[in-house]
Amino acid sequence: DTEVTQTPKHLVMGMTNKKSLKCEQHMGHRAMYWYKQKAKKPPELMFVYSYEKLSINESVPSRFSPECPNSSLLNLHLHALQPEDSALYLCASSQEDGGQGSETQYFGPGTRLTVL
Amino acid sequence: DQQVKQNSPSLSVQEGRISILNCDYTNSMFDYFLWYKKYPAEGPTFLISISSIKDKNEDGRFTVFLNKSAKHLSLHIVPSQPGDSAVYFCAASGKTSYDKVIFGPGTSLSVIP
């Protein structure tokens with residue numbers, strides 16, 4: 001099973017709303033990632049969690065707040081977003097072998113976010 | 001500065017023929033290379049990978065070739081099928097899982113029946 005699930009599939013929110021994106025994997029992976037993808041562009045890394053601790057924040061604005069409640073779940077809390085934040089938000093996970101080698105990331109289907 | 005380049009934004013191939021997607025990289029510290037396939041409105045799906053200690057990896061219809069001296073890799077799909085029509089991203093990372101995966105801009109492949 002190499003499935004990463006994300007909810008919701010689509011989200012429309014106003015600039016004053018607070019919403020959350022959810023990601024779940026049951027592969028025993030200990031690294032989880034948030035990416036943002038705009039149309040016709042490659043995914044851009046936002047955050048990396050390793051063993052439930054934030055290890056990389058790619059200078060993402062504070063209106064995006066990640067959370068890793070446990071090793072299977074990853075959330076992205078959204079508040080006061082701008083229309084230019086509209087994009088496909090992708091979650092991914094990988095084994096995390098303690099730095100012994102590079103790993104394949106498995107992606108979820110994404111949440112299509114529209115900010116009005 | 002793009003560290004991973006895919007210079008062909010699009011490619012059209014007849015069904016049954018070979019599709020060759022190319023990728024170039026600039027960072028000699030990259031150690032691991034991956035190809036992802038992406039359909040519209042879906043997340044990227046892992047296709048095949050290759051470590052820098054190898055020059056070829058094959059999985060069914062998909063073969064990835066790595067030329068380290070030229071900093072070039074290619075994905076061969078033989079025979080191409082209409083269901084292969086998608087955007088293909090080349091990606092590269094360093095030795096550890098703490099190294100970011102850097103994606104190329106993607107090549108849109110159309111396989112014509």
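For the protein assembly as shown, the Cys residues with no second cysteine's beta carbon closer than 4.7 Å are A:Cys68.
The charge dipole of chain B, taken about its Cα centre with unit charges on the Cβ of Lys, Arg, Asp and Glu (plus for the first two, minus for the last two), comes to roughly 140 debye.
Counts of other chain beta carbons within 10 angstrom of each beta carbon in peptide A:35-42 average 4.
In this rough spin-label picture, where each label sits 7 Å from Cα along the Cβ direction, the B:Ser108-A:Val12 distance is 2.5 nm.
Subtracting the Cα-Cα distance from 0.36 nm times the residue separation, let me have the gained length for A:Glu3 to A:Tyr51 in nm, one decimal. It would help to have the intermediate numbers written out before the result.
Working: separation 48, 0.36 × 48 = 17.28 nm, distance 1.89 nm.
The A:Glu3-A:Tyr51 span can extend by a further 15.4 nm.
What pairs from B:Lys54/B:Lys100; A:Lys9/B:Lys54; A:Lys19/B:Lys37 go past 27 Å between their alpha carbons? Table pairs above 27 Å Cα-Cα are A:Lys9/B:Lys54; A:Lys19/B:Lys37.
All C-alpha to C-alpha distances of chain A, sorted into 5 Å bins beginning at zero, yield P(r) values of 2, 12, 24, 25, 19, 10, 5, 2, 0 percent in whole numbers. Distance between the pseudo-spin-label points of B:Asn67 and B:Arg17 (7 Å out from Cα toward the beta carbon): 2.1 nm. Projecting the alpha carbon convex hull of chain B along each direction and taking the average yields 7.0 nm². Based on Cα atoms of the protein assembly as shown, Rg over Rh with Rh as the Kirkwood radius reads 0.97. Calculate log10 I(q)/I(0) of the stretch B:1-66 for q = 0.14, 0.21, 0.26, 0.27 Å⁻¹, where I(q) comes from the Debye formula with a single equal point scatterer on each Cα and nothing for solvent. For the requested q values the scattering log ratios are -0.51, -1.13, -1.44, -1.45.
Placing dummy labels 7 Å off each Cα toward the beta-carbon, the span from B:Ser28 to A:Ser62 is 4.3 nm.
Kirkwood Rh over Cα pairs of the stretch B:59-113 into Stokes-Einstein at 10 °C, 1.306 mPa s: D in µm²/s?
Numbers: Rh = 13.0 Å.
In µm²/s, the coefficient is 122.
Each value in this text was obtained by applying a stated rule to the coordinates, not by laboratory testing. Here the structure is a predicted model, which is why all the values come from computation and not from measurement. Quick reminder, even Gly has a Cβ in these numbers, built from the backbone with ideal geometry, and neighbours come from all protein chains shown.
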